[in-house]
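Written below as structure tokens is the structure these notes are about.
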Amino acid sequence: MGEEIKRPQFGNRLLENVDEVFKHNAWDNVQWDSEQEKAAQEKIKLNSHITFTEDTLKDLDINADKHWDEFYDIHQNRFFKDRHWLFTEFPELAPDYNSAPCRVYPNGETNETKIPNNTSPASKRFIFEIGCGVGNTIFPILQYSQDPNLFVYGCDFSSKAVKIMKENELYDTKRCEVFVLDATNQDWDVPFEENSVDIIVLIFVLSAIDPTKMPGVIQNIFKYLKPGGLVVFRDYGQYDLAQLRFKKGRCISENFYARGDKTMVYFFTQEEISSLFKKAGFLEEQNLIDRRLQVNRGKKLTMYRIWIQAKYRKPLQ
């Protein structure tokens, strides 16, 4: 037996001396003081005044797919970077890939997940990503996992995004299938059975959905996951830089905004995520705030990012 390779730890870059802030491009687990929190609350209060007309609000909702089509028409596959950090945050997505650094959290939590006893290494494994876009999550999964039993499904409600993904040379119909789906529909038209998916991926996608429609999405996720299946979730947290940057007149409802291109974004609290999933019947395995300080060393700018990361398990019974 060869010696086990110890993976490097990720999450240890802590800013202990503010004078060194421009020494690196990013700092992990950055805590806010009360003044910073208060300043963020004031900014949110300023940009939360709702000025949209009923007709505009209706357009944002009814034509959400068209607005995302226009987004991908403009940006094609150039806007989002491939998410190679996925396996640090969610090692379950490619368990046979052991070169990603281990994630370290300030409260001592680990990213290790207990595999339920209804799976075996040789069985067929299905991953389903909701809001797959142009493949920035699916392609890295296929690239880093060589498991012949893995098959990845993806959906997006932008037909343009699905078309762009299918034209990518990395798209392999033997290993993945993507299709158009509005996940807010009550009934899903999907190419797999209920209780059949091992992992469902929600990465920066639930935030694009009207908050009133989120419970229905979570209920359908529960329906299609197999007993013991896992949801991995990462999305915008309240007071993230993106929320603080909104100007007056972009607010749809509390913590919910329309960007200039008419795509929408919601900013979550941990409690909201916990409530959404637990009410649908899920067991909570992880729910944490990832506070990252990103630095533009050239322009001497600091940018505080806040993301919520979570894992929810469908009970075996």
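Structure above, values below:
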{"quantity": "Where only C-alpha atoms are counted, convex hull volume of region 208-276 per residue in Å³", "calculated": "101 Å³"}
{"quantity": "By average C-beta atoms within 10 angstrom, highest first, the peptides 41-53, 134-146, 161-173, 305-317", "calculated": "134-146, 305-317, 161-173, 41-53"}
{"quantity": "Interchain or long-range residues, amide H under 5 Å from G237's placed H", "calculated": "F268, I306, W307, I308"}
{"quantity": "Separation in nanometres of the label points that stand 7 Å from Cα toward Cβ, at V180 and E37", "calculated": "4.6 nm"}
{"quantity": "Exposure proxy order (Cβ contacts within 10 Å, fewest to most) of R234, R245, R175", "calculated": "R245, R175, R234"}
{"quantity": "Cβ-derived FRET efficiency at R0 35 Å, E285 paired with N98, nearest 0.05", "calculated": "0.95"}
{"quantity": "Square roots of 5 times each gyration tensor eigenvalue, C-alpha, region 159-307, largest first, Å", "calculated": "29, 21, 17"}
{"quantity": "Residues S196 and I62, FRET efficiency given R0 of 35 Å [Cβ-Cβ distance, rounded to 0.05]", "calculated": "0.65"}
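Quick note: the coordinates plus some simple rules give every number you see, no bench work behind them. Note that the structure is predicted; figures quoted are calculated from it, not measured. Glycine also receives a Cβ, built like all others from the backbone with ideal geometry; neighbour counts cover every protein chain displayed.
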